[in-house]
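The block underneath contains the structure these notes are about, expressed in structure tokens.
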Amino acid sequence: MRLTATILGDLRRQLAAEVRAGERAAMQAIRAETEQVKQELRRQVTSSFGGNARGIANAWRSQVFPRSGQSLRPAGLVWTKVPNVIDAFERGALIRARSGTYLAIPTGFNAARGRRGRGGRTHAFDGLRVTPAQMVASGQGFLRPFRSGRGFVWCLPLRQGEQTGRRRRTRLIAGGLAEIGTGNRKGREAWARGMLERGMVPMFLLLPQVKLAKRLDVKGAAERGLRRLPGRFVAAWERESGRPAP
């Protein structure tokens, strides 16, 4: 028995068209997967730290290469603008103070405009109402030891400031350095009176070391993206070449 095969059309043109379809499919797959990995990492940050961590979440960026044109060998890059922060919470890092010193961790009372580090930040203590240097210079800071003996609460004396505005709200002045409790919330006046009765406000926690909880899984997000990529590429190539999916 003799079989005869004939190629219909221009083989080189058909192969070139198939390669172009593959290039478009590869770019689509890499672009979509890179974006998905970036969005997953952003969700990890916001789900772990809440809405106030949007700045850290949005620090995740991505880029696909080549930046223009098509390629059968594209690459996707996902990176963060705050690698030290991400690395610490991915590893669950242990942060130690220098020998004989303590880490100064600001409390919520010391958060300017409701949260620490809001707006542009050029220094570790930017965004605070009162910095450690101001605490020392004022001569008013005093320590209260933890019951566990592991560290101290660094406090300032609290007094009532002059009432201003139409609401005549109670103003709380910490050590003559800054006003605290400036936000609007239900029950704020009762809370302010309770603070005045205590006569002090904790501004920093002083600890020799802090063990961060492992909250992020960057490696896992990348591995999940790599597992999805082949299937995404095959589906895109079938669409681009006009072949029906099996």
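Each value in this text was obtained by applying a stated rule to the coordinates, not by laboratory testing. These numbers were taken from a predicted model, which means no experiment stands behind them. Don't worry about glycine lacking a Cβ; one is built from the backbone with ideal geometry, like all the others, and counts go over all protein chains shown.
A few comments on the model shown:
- Prolate/oblate/rounded label for the range 1-101 (Cα gyration tensor, a/c 1.5): prolate
- Length-normalised contact order for the chain - Cα pairs under 8 Å, 6+ apart - percent: 26
- Note that the range 169-180 has calculated 3J(HN,Hα) couplings of 6, 6, 9, 10, 10, 8, x, x, 9, 7, 8, 10 Hz, one per residue in order, obtained from phi through the Karplus relation 6.51 cos²θ - 1.76 cosθ + 1.60 (θ = phi - 60°); glycine and proline are x.
- Per-residue [θ]222 nm for the chain (sum of -39500 (n - 2.57) over DSSP H runs n ≥ 4, rounded to 500): -13000 deg cm²/dmol
- Of the residues A174, W154, L212, the one whose Cα sits farthest toward the positive end of the charge dipole of the chain, with +1 on the Cβ of Lys and Arg and -1 on the Cβ of Asp and Glu, is A174.
- Near L172, the amide H atoms lying under 5 Å from its own belong to G161, I180; only residues 5 or more places off or on other chains count, and H is placed 1.01 Å from N.
- A93 long-range amide H proximity, modeled H, under 5 Å: L212
- Pairwise label distance in nanometres, Q209 with Q39, each label 7 Å out on the Cα-Cβ vector: 4.1
- For the range 143-151, Karplus couplings with θ = phi - 60° (6.51, -1.76, 1.60), whole Hz, Gly/Pro x: 9, 10, x, 5, 4, 6, x, 7, x
- Interchain or long-range residues, amide H under 5 Å from M200's placed H: L158
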